[in-house]
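The values are calculated or read from the model by the stated rules, or taken from the named source; none is laboratory data. All values derive from a computational prediction rather than experimental measurement. Cβ coordinates were reconstructed from backbone atoms using ideal geometry, including for glycine residues, and neighbour counts include every protein chain displayed. Accessible surface areas use protein heavy atoms only, side chains included; no ligands, DNA or RNA. Shrake-Rupley method; radii C 1.70, N 1.55, O 1.52, S 1.80 Å.
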Amino acid sequence: MAKPADVTDSSWETEVLKADKPVLVDFWAPWCGPCRMVAPIVEELAEEYDGKVEFRKLNTDDNPRTAAKYGVRSIPTLLVFKQGQPVGQIIGFRPKSDLKKRLDEALA
Amino acid sequence: MIKNYDIVIVGAGPAGLAAGLYAARARRKTLLIERNITGGQIALTASIENYPGIMEINGFDLGQAMLQQAEKYGLETAFTKVTKIEPQEGGHLVKTEEGDYMAKAVIVTAGADYNKLGVPGEERLTGFGVSYCATCDAAFFKDMEVAVVGGGDAAMDEGLFVTRYASKVYVIHRRDQLRASAVLQERAFANPKMHFIWNTVVESIDGKDAVESLHLRNVVTGEESDLPVAAVFIFIGQTPNSSFLEGLVEMDAGRHVIVNAWMETSVPGIFAAGDIRNNAARQVVTSAGDGATAAIRADHYISSHFKS
């Protein structure tokens, strides 16, 4: 399993909204310290949920349109999408056990 | 299964990281437990320019550097929350949400959490314009008007950071003068984007799906007003994370752990350092110094109380 791939404003619809599987999107930016701590945890989750959930990351500096559309005003923010609908939202850094719990709740 | 360590450190801010460095270099088997983010409060600080020898550094980077330095000497880490410390025969049992650890000595460097305003709208709009981390969120308010609440170093530091993005930064302070250090005050007053609203408190944070305005009250005149802003950054002091030590060690009225000059608490083998202790100067350098002192003393404590 590769690391979570980048998604952009232009690839958002095909890669997230029209995805068959649930998608977790990590909203981040290079200047955000806590985002750099979330990234390796999201990579671990991507391996653990391989086949069940797609993982993407979105750079909010380069893709402000999508960030604004979902009201992202704080990063890191993780959004979980199912059939194009946001079903879960985690704002701020959380330990891995917390993220897993919240992701499982969103998938249920 | 309970894992055994010489020293368990609770909290990975500058105090805990410095303690970890000293403990690991003393060749003590040492575990550092962190419930959230390495670096603690500084992980969210844009710029630190009062750590001696370092002209300027991003707080997150400084925290990571401290961790790497300590890990080089064998410091181990665990990411979970400590729920209780129980003194037992032969050491202290450190209970966490994910397993227990036995330690000959414990150094508590759990720090302090930022205070909330406790006003209507604050919790509901957190992440939607209510922020406790300017470095995380300021960029989302480019060319907008925002507010900072508080008058200390954190409020000025973060407020100045926000001016990089926002068109106007209102500083709302309940007194008529700042508590911040002179250098930060000078810089804040000289910044044309910073506007000060004195003797004023926030009564509520209003907005439908995101922050739209603040309801303010002047504490001198009693006059009420609404201030339209897109975000409010809150820096109004901190409360020590000492609830898991309740009934175990002596604390002062503000729930800070009481220590002596060696960072020893009222319980032998338990040390406290950094923002969680009483009379702390609450600086990166003093916390790091505290941590080093605690580790040196813990090392001595183990030597004199346990057979090698």
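A compact table of results
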{"quantity": "Fully extended contour minus Cα-Cα distance, from B:Asn279 to B:Glu123, at 0.36 nm per residue", "calculated": "53.1 nm"}
{"quantity": "Surface accessible to a 1.4 Å probe, B:His92 within the full protein complex, Å²", "calculated": "10"}
{"quantity": "Those residues of the range A:15-34 for which accessible area with every protein chain present is at least 10 Å² below the isolated value (1.4 Å probe)", "calculated": "A:Trp31, A:Gly33, A:Pro34"}
{"quantity": "Per residue accessible area of chain A, 1.4 Å probe, in Å²", "calculated": "47"}
{"quantity": "Listing of the range A:49-66 residues, each with accessible area lower by at least 10 Å² in the full protein assembly than in the chain alone (probe 1.4 Å)", "calculated": "A:Thr60"}
{"quantity": "Helix-only [θ]222 nm of chain A, DSSP H runs n ≥ 4, -39500 (n - 2.57) each, per residue, nearest 500", "calculated": "-9500 deg cm²/dmol"}
{"quantity": "FRET efficiency, 1/(1 + (r/R0)^6) with R0 35 Å, evaluated for B:Ser181 and B:Thr239 via beta carbons", "calculated": "0.95"}
{"quantity": "Alpha carbon centroid spacing (whole Å) that separates the range B:205-222 from the range B:242-275", "calculated": "38"}
{"quantity": "Cα-projected label distance for A:Glu47 with B:Tyr114, points at 7 Å along beta-carbon direction, nm", "calculated": "3.3"}
{"quantity": "Computed Rg/Rh of the range A:1-68, alpha carbon atoms with Kirkwood Rh", "calculated": "0.96"}
{"quantity": "Under 26 Å from B:Lys208, Cα to Cα: lysines that are on another chain or at least 8 residues apart", "calculated": "A:Lys69, A:Lys82, B:Lys116, B:Lys142, B:Lys168"}
{"quantity": "List of the range B:31-47 residues, accessible area with partners at least 20 Å² below that of the chain alone (1.4 Å probe)", "calculated": "B:Arg35, B:Asn36, B:Ile37"}
{"quantity": "Loop-resident sites, the range B:67-150, for GluC sites (Glu not before Pro), counting at most 13 other Cβ within 10 Å (DSSP)", "calculated": "B:Glu89, B:Glu97, B:Glu98, B:Glu123"}
{"quantity": "Surface share of carbon and sulfur [accessible, 1.4 angstrom probe, percent] for the range B:83-215", "calculated": "47"}
{"quantity": "With Cα atoms, 0 to 90° folded angle of helix B:153-162 axis to chain B main axis", "calculated": "60"}
{"quantity": "Equivalent-ellipsoid semi-axes of the protein assembly as shown, from the Cα gyration tensor, Å, largest first", "calculated": "36, 30, 18"}
{"quantity": "Solvent-accessible area buried by A and B, counting both chains, probe 1.4 angstrom, square angstrom", "calculated": "1600"}
{"quantity": "Under-5 Å amide H pairs with B:Glu212, H placed in peptide plane, nonlocal only", "calculated": "B:Asp206, B:Gly207"}
